[in-house]
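Trainee: One structure is given below, represented as structure tokens, and several questions about it will come after.
The values are calculated or read from the model by the stated rules, or taken from the named source; none is laboratory data. Here the structure is a predicted model, which is why all the values come from computation and not from measurement. Ideal geometry is used to build each Cβ from the backbone, glycine not excepted, and the neighbour counts take in all protein chains shown. Surface areas here come from the heavy atoms of the whole protein model, side chains and all, with no ligands, DNA or RNA. Shrake-Rupley method; radii C 1.70, N 1.55, O 1.52, S 1.80 Å.
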Amino acid sequence: MTTTAAGGVFDRAHRRTTAGLLMLVTFIAFEAMAVGTAMPTAVAELDGMAWYGWPFSAFLVASVVGMVTGGDVGDRRGPRVALPWGVGVFAAGLVTAGLAGSMAVFVAGRAVQGLGAGVMVVLIYVIAGQAYPPALRPRLFGAISTAWVLPALIGPVVSGLVTTHATWRLVFLGLVPLIAVGLLLVLSAGRQLAAPEDPAPSPPGRRWWAVLAGLGIAALQYAGQRLDAVAVGVAAVGLVALVAGLRPLLPAGTAWARRGLPAVVASRGLLAGAFFGMDALLPLTLTSVHGYSATAAGIPLTAGALGWAAASNLQGRRPDLRRERLLRVGFALLAVGLAGTALAAVPALDGWPAYVSWAVAGLGMGLGMPSVGVLLLDQSPEHRRGADSAALQISDVTASALCVGLAGVLVAAATAGLLSLPGAVVGAIAAFTVIAVVGALVAPRAAAPAVAPGAAPHTTTLAAS
């Protein structure tokens, strides 16, 4: 493979690959954002209200397995072989869920979707490392961040309209041909996405460790929905399973953010956990504390999404800036936005601070998330890009699930009368703000370790698409 001069992500050499990647990301994100809107109708039609949480948990557990599988196959066989499998599995899950005649089949379809989505999201990073030179990666990851954000703006609305005026099944079945187009664009343009010449064997048991970690996350989420003695036991078992499953899947030193790649992976989890933990709690705060309508409560989320997209685009125009510094600024903005959102829990302020504070938090994510992706590819050797990209995604999913679970525990405590809802919200915000501050302190460690005297610096090979 040969190195290409930097042009643009939509130049002649990259435009089809970029368009295909953005389509795949957009439809994965759309499914993640939109399915919640269609889920009540689907569950009611399938007479599965008692199983309501299972489609979400099945997707989450399977996606962790898919991330590890995608990383391993991508490292051994290359993305040109692995990506069609991931897209095929995801499409099979869409069809299964869309045609389901019972809740059990629907849950199975969601699990298959999660498996395919996990494979695809990891391979996007592998392709980014192979097909784009370092100078283009900030702009590419800025575009990918925007592709994740846009479905948050329109996904629930589109899903609601389709569910109301047609059928919830189209939320799943309608994506199948669009996913296929994205795959064809990537493959038609990425002829040089070659498999490694001498791939290292995949460590044994990684997929079983991923299953264990996914089940641990699911157990912790279930425990967070209860406030009884059973919850304590389930949480303890889930925590043990999660820690045991994560240790072989994350770079050594991730837990204490050791300098270099471990700090990069840890930073992704800190960003995702702090932001998405509050993102899930904010609409409830505005509707329950201040009496907002569902539409009005969603406006701050839109402001956050717009801030994210704007900052992602801005950082993409400055590939010369040091990514660990941008990451630190992103964490700082996220901390400021979180702290300001605490004012939205004050009944006398009518919730208006959230309109500004969550836009600030979005700016922080728009600077931080693309920077983490660039730092990962800069420090991950080509033969391990799949495994390292999987670790990044697993860190994101795990931290998000844990922080959303923490918010759920506090809300459940407020519902049980153990504390007020504003008190529960402020407590959650305090925890998430501390996480963001820790991230700002950790961010400088995300820089690549210094090269020892006499040692050759790490280099990668790149190919045009």
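Trainee: Among the residues of region 16-30, which ones are under 18 Å from residue 83 (Cα atoms) and of a type outside the set (Ser, Thr, Tyr)? Walk me through how you get there before you give the answer.
Mentor: First, pick out the residues of region 16-30 that are under 18 Å from residue 83 (Cα atoms): 16-29.
Correct list: 16, 19, 20, 21, 22, 23, 24, 25, 27, 28, 29.
Trainee: Sticking with this one: In this structure, is residue 344 part of a helix (DSSP H, G or I) and surrounded by fewer than 24 Cβ atoms within 10 Å (Cβ to Cβ)?
Mentor: For residue 344, the condition - part of a helix (DSSP H, G or I) and surrounded by fewer than 24 Cβ atoms within 10 Å (Cβ to Cβ) - is not met.
Trainee: Right, something else. Name every residue in region 311-341 that is in a helix (DSSP H, G or I) and surrounded by fewer than 18 Cβ atoms within 10 Å (Cβ to Cβ), in order of residue number.
Mentor: 313, 314, 325, 336
Trainee: Still on this structure, I have one more. Is it true that residue 301 is modelled with pLDDT of 95 or more, buried (at least 16 other Cβ atoms within 10 Å of the Cβ) and either of a type in the set (A, V, I, L, M) or assigned to a helix (DSSP H, G or I) (or both)?
Mentor: So residue 301 fails the test.
Trainee: Is there any pair with a first residue in region 4-29 that is crowded, with 16+ Cβ neighbours inside 10 Å and in a helix (DSSP H, G or I) and a second that is aromatic (Phe, Trp, Tyr) and modelled with pLDDT under 85 whose Cβ atoms are under 9 Å apart and which are 6 or more apart or on different chains, and what are they?
Mentor: Sorted first by the residue in region 4-29, then by its partner, the pairs are 18/10; 19/10; 25/148; 26/148; 28/148; 29/148.
Trainee: Here is a further query. Could you tell me which of the residues 139, 110 is within 19 Å of residue 372 (Cβ to Cβ) and of a type in the set (D, E, K, R)?
Mentor: Criteria check complete, one pass: 139.
Trainee: Being open to solvent by less than 20 Å² (accessible area, probe 1.4 Å) and under 14 Å from the mean Cα position of the chain (by Cα) is the filter here; which residues of region 371-398 pass it?
Mentor: 372, 373, 389, 390, 391, 392, 393, 394, 395, 398 - these are the residues of region 371-398 that are open to solvent by less than 20 Å² (accessible area, probe 1.4 Å) and under 14 Å from the mean Cα position of the chain (by Cα).
Trainee: Could I ask something else about it? Which residue pairs have Cβ atoms under 6 Å apart, sit 6 or more places apart or on different chains, and have a first residue in region 209-220 that is at pLDDT below 85 and a second that is of a type in the set (S, T, N, Q) and open to solvent by 10 Å² or more (accessible area, probe 1.4 Å)?
Mentor: Cβ pairs passing all conditions: 218/57.
Trainee: Name the pairs whose Cβ atoms lie under 8 Å apart, with the first residue in region 96-122 and over 12 Å from residue 64 (Cα atoms) and free of Cβ contacts under 8 Å to residues at least 12 places away in the same chain, the second surrounded by fewer than 22 Cβ atoms within 10 Å (Cβ to Cβ) and among the hydroxyl-bearing types (Ser, Thr, Tyr), and 6 or more positions between them or separate chains?
Mentor: Hits for this filter: 105/96.
Trainee: Here is a follow-up. Test residue 261 against the criterion of being surrounded by 15 or more Cβ atoms within 10 Å (Cβ to Cβ), out of contact with any Asp or Glu (no Cβ under 8 Å at 6 or more places or on another chain) and not polar (S, T, N, Q), and give yes or no.
Mentor: On the way: surrounded by 15 or more Cβ atoms within 10 Å (Cβ to Cβ): yes; out of contact with any Asp or Glu (no Cβ under 8 Å at 6 or more places or on another chain): no; not polar (S, T, N, Q): yes.
No; evaluated as a whole, the condition is false for this residue.
Trainee: At least 2 residues that are open to solvent by 40 Å² or more (accessible area, probe 1.4 Å), more than 18 Å from residue 211 (Cβ to Cβ) and modelled with pLDDT under 85 in each: list the helices (runs of 4 or more DSSP H) lying fully within region 52-158 that qualify.
Mentor: Output list reads 54-77, 79-99.
Trainee: Being assigned to a helix (DSSP H, G or I), modelled with pLDDT under 90 and acidic (Asp, Glu): is that true of residue 47 here?
Mentor: no
Trainee: Okay, moving on. When the residues of region 406-418 are filtered to those that are among the aliphatic types (A, V, I, L, M) and loosely packed, with under 14 Cβ neighbours inside 10 Å, which remaining residue is modelled with the highest pLDDT?
Mentor: My answer is 418.
Trainee: I've got another one for you. Can you tell me which residue in region 205-245 is most open to solvent (accessible area, probe 1.4 Å), limited to those that are under 23 Å from residue 412 (Cα atoms) and outside any helix (DSSP H, G or I)?
Mentor: 225
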